[in-house]
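Engineer: Attaching a single structure in structure tokens format; questions to follow.
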Amino acid sequence: MPSSPNISFVLHDVARLLRKRFEQRSRAFGLTRAQWQVLAYLSVHEGIYQNRLADLIEIMPITLARLLDKMEARGFVERRPDPTDRRAWLLYLTPQARPLIEVMRSNGRKTRDEAFAGLSADAQQQLLQTLCLIKSNLLEACTQPAVDREKVHV
């Protein structure tokens with residue numbers, strides 16, 4: 001009897017394919033997925049500290065700094081000094097970036113519509129709730145040390 005698919009593999013494949021399809025739609029704008037992610041986060045967190053954005057996106061601050069350098073050179077983001085801390089930078093979108101946010105949202109909607117084809121609104125909502133519960137469970141589990149109950153002998 002064949003075994004059912006491994007949920008970890010299926011979730012990984014779905015996430016990869018969602019990214020791939022979004023990137024196909026967005027390629028004409030010359031931004032990388034990481035740059036789109038920066039735009040997405042800044043669209044809801046304008047004025048955020050640069051280090052805090054790195055934490056949210058879960059990348060190293062130096063990696064974000066390089067992304068921001070490129071995006072600033074293209075006129076999409078602006079770094080402003082924090083008036084209370086000369087060492088800190090606050091991040092803002094430029095007027096030039098705002099139309100890209102709308103393109104990104106539209107591409108995201110189209111990609112989700114393709115992914116959810118054939119699923120009712122109720123099934124979509126149930127899937128989202130289930131995935132949020134799984135995420136919450138794993139976030140909680142990650143705060144605990146891993147316990148090996150079985151000893152492996154090599």
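The values are calculated or read from the model by the stated rules, or taken from the named source; none is laboratory data. Please read all numbers here as calculations on a predicted model, not as lab measurements. Reconstructed Cβ throughout: ideal geometry from the backbone, glycine too, with neighbour counts over all protein chains shown.
Engineer: For the condition polar (S, T, N, Q), surrounded by 10 or more Cβ atoms within 10 Å (Cβ to Cβ) and more than 23 Å from E23 (Cβ to Cβ), what is the one hit in T143, T84, T130?
Structural biologist: T130
Engineer: Could you please give the count of residues in segment 54-65 that are among the charged types (D, E, K, R) and not in a helix (DSSP H, G or I)?
Structural biologist: 1
Engineer: I'd like the full set of residues that are part of a strand (DSSP E or B) and touching a residue at least 12 places away in the same chain (Cβ under 8 Å), limited to segment 71-87.
Structural biologist: Answer for segment 71-87, where residues must be part of a strand (DSSP E or B) and touching a residue at least 12 places away in the same chain (Cβ under 8 Å): V77, E78, R79, R80, D82.
Engineer: While we're on this one: Show the residue pairs meeting these rules: Cβ distance below 6 Å; 6+ apart or different chains; first residue within segment 134-145 and within 16 Å of S8 (Cα to Cα); second residue not hydrophobic (A, V, I, L, M, F, W, C).
Structural biologist: Final answer for the pair search is none.
Engineer: Can you confirm whether segment 109-127 contains a residue that is aromatic (F, W, Y) and closer than 24 Å to R25 by Cβ?
Structural biologist: yes
Engineer: Something else about it: Give F22, F9 a once-over and let me know the one that is surrounded by fewer than 10 Cβ atoms within 10 Å (Cβ to Cβ) and either in a helix (DSSP H, G or I) or among the basic types (K, R) (or both).
Structural biologist: From the options F22, F9, the qualifying one is F9.
Engineer: Taking only segment 82-108 into account, find how many residues are at pLDDT 95 or above and farther than 17 Å from E72 by Cβ.
Structural biologist: 0
Engineer: Restrict the check to segment 35-44 and report whether at least one residue is within 19 Å of the chain's Cα centre (by Cα), outside any helix (DSSP H, G or I) and touching a residue at least 12 places away in the same chain (Cβ under 8 Å).
Structural biologist: No; the residues of segment 35-44 include none that is within 19 Å of the chain's Cα centre (by Cα), outside any helix (DSSP H, G or I) and touching a residue at least 12 places away in the same chain (Cβ under 8 Å).
Engineer: Scanning for something in a loop (DSSP other than H, G, I, E, B), surrounded by fewer than 16 Cβ atoms within 10 Å (Cβ to Cβ), among the polar types (S, T, N, Q) and touching an Asp or Glu at 6+ places or on another chain (Cβ under 6 Å), does segment 93-100 turn up at least one residue?
Structural biologist: Among the residues of segment 93-100, at least one is in a loop (DSSP other than H, G, I, E, B), surrounded by fewer than 16 Cβ atoms within 10 Å (Cβ to Cβ), among the polar types (S, T, N, Q) and touching an Asp or Glu at 6+ places or on another chain (Cβ under 6 Å), which makes the answer yes.
Engineer: Residues to consider are L31, L90, L68, L119; find the one that is of a type outside the set (D, E, K, R), surrounded by 10 or more Cβ atoms within 10 Å (Cβ to Cβ) and assigned to a helix (DSSP H, G or I).
Structural biologist: L68
Engineer: Among the residues of segment 11-37, write down those that are at pLDDT 95 or above and β-branched (V, I, T).
Structural biologist: Correct list: V14 only.
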